[in-house]
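Following: one structure in structure tokens, then a few remarks.
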Amino acid sequence: MTETTRTRWSLAALIPKHNATISAAILVLVVLIFLVATQGLIISAGSLNLLATFGPEIILMTLGMGLVLLVGQIDLSVGSMYIASSVVFAGLARYLEISPWLSVVAALLSGVLLGLVNGLLVVTTRISSFIVTLGTMWGFQGLMLVILGATTIPIYRQDDVFNPHDLFAGRLLGLPTQVIWLLVIVVTLGWVRNRTRFGVWMQAVGSNVRAAKMMGLPTRLVTIMAFTISGALAGLAGVIRASQSSQAVPQSGEGVMLMVLAGAIIGGVSLSGGKGDVLGPFLGGLTLLVISTGFVMMGVVNFWTNILIAIAVIATAVAFDRLEALRVRRSIR
Amino acid sequence: MTQPAIRVQGIRKAFGATRALQGVDLEVAPGEILGLIGDNGAGKSTLIKVLSGFERPDGGLIEIDGQPVTLRSPADARRLGIETVYQEQALADDLSVMANLFLGNELRRGWGPFRVLDTRRMRARSQEMLDGLRLRASIDQEARFCSGGEKQGISIARAINVKAKVVILDEPTNALGVVAVDRVLELIRGLREHGIGCIFVSHNIQHVVEVCDRVALFVHGTKLLDTPVSETSALELIELLNQRSGNRI
Ligand SMILES: Nc1ncnc2c1ncn2[C@@H]1O[C@H](COP(=O)(O)OP(=O)(O)OP(=O)(O)O)[C@@H](O)[C@H]1O
Ligand SMILES: [Mg+2]
């Protein structure tokens with residue numbers, strides 16, 4: 001080997017293989033910026049508590065969005081499913097006086113069901129999921145508002161018995177239980193994505209659905225599963241939300257979908273499908289949450305958050321694109 | 001008399017006004033290599049997509065080992081032992097060469113719902129598969145970085161390395177270099193020893209005459225000729241193609 005090839009190789013080795021590496025670098029950068037900007041407040045107990053309490057539900061949905069994007073689709077209805085689940089929980093308990101635990105089960109199932117509806121609509125109508133879930137985003141929420149109206153539904157709980165609040169927004173081993181839920185799900189989904197054939201199939205379907213079909217993969221089932229997982233995670237997020245705040249607000253949830261989508265993009269998931277893992281969206285979602293928490297800590301008006309998120313999304317998209325170009329160049333000999 | 005590995009009767013398929021297949025009969029015995037020739041648009045690929053479950057025929061019968069079957073999807077066909085190399089690229093570009101080689105046929109270990117990909121075994125096998133075709137692509141490289149010929153080679157490797165009853169190759173030597181073509185023809189001959197039936201579509205009459213036992217000639221969705229290769233010659237086939245395919249209605 002000549003000198004030049006060796007130099008080229010060592011340089012090439014610096015190009016990260018995985019998008020998640022970039023996502024991690026961005027997270028570190030954002031944390032550093034806010035360490036300086038908030039003079040360390042970002043890692044104060046109060047700030048971390050805020051993150052751990054309100055963060056997990058958003059990240060859960062980001063993971064779901066990541067998988068839907070991986071199979072080459074998009075799910076604009078996550079925000080609606082999230083709120084719908086919290087409303088099912090609170091509504092059943094309050095208006096039908098069903099036990100809180102049963103209401104929780106119903107809420108989780110409603111997430112699964114709505115996700116399944118999305119998936120079935122996408123594969124049977126063959127209309128783009130952008131349009132289908134744009135429809136169901138309005139549809140799910142409209143249905144909810146028609147049935148219950150735009151009134152906040154409180155959840156009463158008795159403090160002396162073990163109730164859903166303890167499981168979904170309580171504390172265990174000094175951690176908020178929602179953090180534990182999140183970690184368990186990240187590990188589980190990561191295992192599915194990286195170690196099982198279903199993970200490979202999701203990527204294959206998103207990369208080239210025709211080839212996937214030619215190789216005999218159950219492409220429709222894979223697509224339906226991705227939407228259903230997204231619905232289930234939104235359902236869990238909704239239960240956490242309602243447990244945490246002891247109420248459900250039917251007319252809320254605005255901006256959730258965009259935040260989740262942005263998190264997935266910062267997580268290195270491609271909008272054109274076939275790229276993305278579980279760790280990336282986890283880091284991407286976390287990055288956005290650090291940004292919003294950071295601004296809260298600085299006492300800056302909310303609108304700045306949007307601007308920084310905008311920059312983060314576009315900057316990372318550019319970074320991923322450049323990385324891609326570098327990898328292509330490396331492979332051309 | 002031996003049972004044909006695959007037998008079709010009266011297969012019809014139309015795309016709108018285009019009658020791509022107008023009642024085709026065909027059979028391939030185990031260990032037999034059937035060459036399929038015909039002009040562009042003669043219906044060869046359509047027949048192959050029907051046999052591989054990718055397209056549903058409008059009518060006709062398909063039998064595998066003497067059993068009538070309905071192929072609802074490529075998954076059905078693969079399960080029944082039909083492996084296909086499609087004319088168009090059927091690789092997922094974002095997946096590694098290895099993942100593509102095992103797509104839909106992943107090796108796994110463990111039990112029940114906890115079975116995981118057996119990456120170690122797949123790595124070793126895929127290296128063997130590439131070596132078998134003298135392909136130099138790395139098994140970890142994303143498929144989109146492969147050259148056209150390498151991609152073609154991957155599709156072929158994946159079809160030949162499965163225990164299939166019938167292997168169908170739609171213009172497999174299209175993008176290949178001279179050495180690779182020889183290697184592929186050699187592998188096709190190798191199928192014979194394993195008792196695997198093979199359908200080989202090609203525009204290269206020379207190759208067909210070289211490896212096939214029998215040759216079928218298609219014109220406008222019908223089979224015009226079906227004869228042992230020993231009873232014809234490349235020259236005669238080319239002559240026939242020129243005569244019959246030139247004059248469209
Ligand atoms: N999905 C489709 N929709 C509409 N028409 C089609 C479709 N697939 C094939 N056809 C038409 O059916 C006819 C047969 O096509 P086919 O691909 O089987 O030809 P072929 O013999 O494989 O040709 P070539 O040698 O060029 O590959 C052509 O006229 C083609 O245009
Ligand atoms: Mg063809």
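The values are calculated or read from the model by the stated rules, or taken from the named source; none is laboratory data. As the structure is a computational prediction, the values presented were derived from the model and not from experiment. Here the Cβ positions follow ideal geometry from the backbone for every residue, glycine too, while neighbour counts run over all protein chains shown. These accessible areas exclude ligands, DNA and RNA; they are computed on the full protein's heavy atoms, side chains included. Shrake-Rupley method; radii C 1.70, N 1.55, O 1.52, S 1.80 Å.
The figures follow:
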quantity: Yes/no for A:G199 being under 30 Å from B:T46 (Cα atoms) and touching a helix residue (DSSP H, G or I) at 6+ places or on another chain (Cβ under 7 Å); calculated: no
quantity: Which listed residue is under 17 Å from the mean Cα position of the chain (by Cα), open to solvent by 10 Å² or more (accessible area, probe 1.4 Å) and either at pLDDT 95 or above or not acidic (D, E) (or both), from B:T18, B:T46; calculated: B:T46
quantity: Lone qualifier among B:L101, B:L80 - being open to solvent by 40 Å² or more (accessible area, probe 1.4 Å), hydrophobic (A, V, I, L, M, F, W, C) and away from ligand 2 (no atom under 16 Å from the Cβ); calculated: B:L80
quantity: Which numbered condition A:S292 misses (of (1) in contact (Cβ under 8 Å) with a residue 24 or more places away in the chain; (2) open to solvent by 20 Å² or more (accessible area, probe 1.4 Å); (3) not basic (K, R)); calculated: (1)
quantity: Verdict on B:D76 being of a type in the set (D, E), within 30 Å of B:A143 (Cβ to Cβ), in a loop (DSSP other than H, G, I, E, B) and more than 16 Å from ligand 1 (Cβ to nearest atom); calculated: no
quantity: Neighbours by Cβ (under 7 Å, 6+ apart or cross-chain): first from region B:14-43, closer than 14 Å to B:G221 by Cα; second more than 16 Å from ligand 1 (Cβ to nearest atom) and assigned to a strand (DSSP E or B); calculated: B:G23/B:G10; B:D25/B:Q9; B:D25/B:G10
quantity: For B:A17: the one exception among (1) away from ligand 2 (no atom under 16 Å from the Cβ); (2) of a type in the set (A, V, I, L, M, F, W, C); (3) in contact with a strand residue (DSSP E or B) (Cβ under 7 Å, 6 or more places away or on another chain); (4) farther than 30 Å from A:R195 by Cβ; calculated: (3)
quantity: Condition check for A:N208: within 11 Å of chain B (Cβ to nearest Cβ) and over 18 Å from A:S129 (Cβ atoms); calculated: no
quantity: Identity of the residue in region B:61-77, within 13 Å of chain A (Cβ to nearest Cβ) and not hydrophobic (A, V, I, L, M, F, W, C), that ends up least open to solvent (accessible area, probe 1.4 Å); calculated: B:P74
quantity: Breaking point among (1) under 22 Å from the mean Cα position of the chain (by Cα); (2) touching a residue at least 12 places away in the same chain (Cβ under 8 Å); (3) open to solvent by 10 Å² or more (accessible area, probe 1.4 Å), for A:T287; calculated: (3)
quantity: Hits in region B:91-107 - residues which are outside any helix (DSSP H, G or I), facing another protein chain (nearest Cβ under 8 Å) and over 17 Å from B:K163 (Cα atoms); calculated: B:L91, B:A92, B:D93, B:D94, B:L95
quantity: Residue selected from region B:133-176 under the condition within 16 Å of ligand 2 (Cβ to nearest atom) and at pLDDT below 85, by the criterion least open to solvent (accessible area, probe 1.4 Å); calculated: B:A175
quantity: Within region B:118-163, tally of residues that are more than 19 Å from B:R78 (Cβ to Cβ), in contact (Cβ under 8 Å) with a residue 24 or more places away in the chain and β-branched (V, I, T); calculated: 1
quantity: Only listed residue being open to solvent by 10 Å² or more (accessible area, probe 1.4 Å), modelled with pLDDT under 85 and of a type in the set (V, I, T), chosen from B:V179, B:V116; calculated: B:V179
quantity: Spans of helices (runs of 4 or more DSSP H) in region A:179-297 with at least 2 residues under 30 Å from B:R109 (Cβ atoms); calculated: A:197-207, A:209-214, A:219-245
quantity: Condition broken by B:I48, with the remaining ones in (1) without any contact (Cβ under 8 Å) to a residue 24 or more places away in the chain; (2) within 16 Å of ligand 2 (Cβ to nearest atom) satisfied; calculated: (1)
quantity: Residues that are among the small types (G, A, S) and within 16 Å of ligand 1 (Cβ to nearest atom), drawn from region B:166-186; calculated: B:A175
quantity: Residue count for region B:21-45, restricted to those that are more than 25 Å from B:E236 (Cα to Cα) and either within 16 Å of ligand 2 (Cβ to nearest atom) or within 14 Å of chain A (Cβ to nearest Cβ) (or both); calculated: 0
quantity: Test: B:D58 is away from ligand 2 (no atom under 16 Å from the Cβ), over 29 Å from B:E193 (Cα atoms) and surrounded by fewer than 22 Cβ atoms within 10 Å (Cβ to Cβ); calculated: yes
quantity: Criterion (within 17 Å of the chain's Cα centre (by Cα), away from ligand 1 (no atom under 16 Å from the Cβ) and closer than 12 Å to B:I37 by Cα) met by exactly one of B:R214, B:R189; calculated: B:R214
quantity: Region A:167-176, residues that are crowded, with 21+ Cβ neighbours inside 10 Å and either among the small types (G, A, S) or part of a helix (DSSP H, G or I) (or both); calculated: A:F168, A:A169
quantity: Selection from region B:180-215 of residues that are within 16 Å of ligand 2 (Cβ to nearest atom) and within 16 Å of B:Q87 (Cβ to Cβ); calculated: B:I199, B:F200, B:V201, B:S202, B:H203, B:N204, B:H207, B:V208
